[in-house]
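Structure record follows, encoded as structure tokens.
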Amino acid sequence: MIDESRLPLHPAVGMTGRILFTLIFFVSGVTHFTDIGGYTSLMHESIPYRTFWVLISGVVELAGAVMILC
């Protein structure tokens, strides 16, 4: 059962939380494209196509940001 006393009092509170949570994914996704070298340096040398995986993970994070808002 849902304890209704713990729900936000105003719908704007929930939407504000979703927007702030989305910003985390959006900013991280954008930095995957603006700082590719920084992200590839975090990955182990033995991983092939590191730049490809950084770009794919950036796309996935941006898609996740969109899905949170929808």
Can you list the HN-Hα couplings for the stretch 13-20, worked out from phi with the Karplus curve (6.51, -1.76, 1.60; θ = phi - 60°), rounded to whole Hz and with x for Gly and Pro?
5, x, 5, 4, x, 5, 5, 5
At 1.4 Å probe size, with the rest of the protein present, what percent of the exposed accessible area of the chain is carbon and sulfur atoms?
74
From the helices alone, meaning DSSP H stretches of at least four residues, give me the mean residue ellipticity at 222 nm for the chain, per-run term -39500 (n - 2.57), in deg cm²/dmol to the nearest 500.
-24500 deg cm²/dmol
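Using only alpha carbon pairs under 8 Å that are at least six residues apart, calculate the relative contact order of the chain and give it in whole percent. Numbers along the way, then the final one.
Numbers: 42 pairs, mean separation 29.4, N = 70.
Here the relative contact order equals 42 percent.
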Magnitude of the charge dipole, the chain, Cβ model with Lys/Arg +1 and Asp/Glu -1, debye to 20:
80
Scalar couplings 3J(HN,Hα) for the stretch 53-61 by Karplus 6.51 cos²θ - 1.76 cosθ + 1.60 (θ = phi - 60°), nearest whole Hz, x for Gly and Pro, are 5, 5, 5, 4, 5, x, 4, 5, 5
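Could you give the accessible area per residue of the chain, probe 1.4 Å, as a whole number in Å²?
Numbers: 5530 Å² over 70 residues.
For the chain, the solvent-accessible area averages 79 Å² per residue.
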Simple spin-label estimate for residue 12/residue 44, 7 Å along Cα→Cβ, in nm, reads 5.0
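The values are calculated or read from the model by the stated rules, or taken from the named source; none is laboratory data. Worth saying up front: this structure is predicted, and the values here are computed from it rather than measured. Here the Cβ is made from the backbone with ideal geometry for all residues, glycine too, and neighbour counts use every protein chain on show. Ligands, DNA and RNA are excluded from the accessible area calculation, which covers all protein heavy atoms including side chains. Shrake-Rupley method; radii C 1.70, N 1.55, O 1.52, S 1.80 Å.
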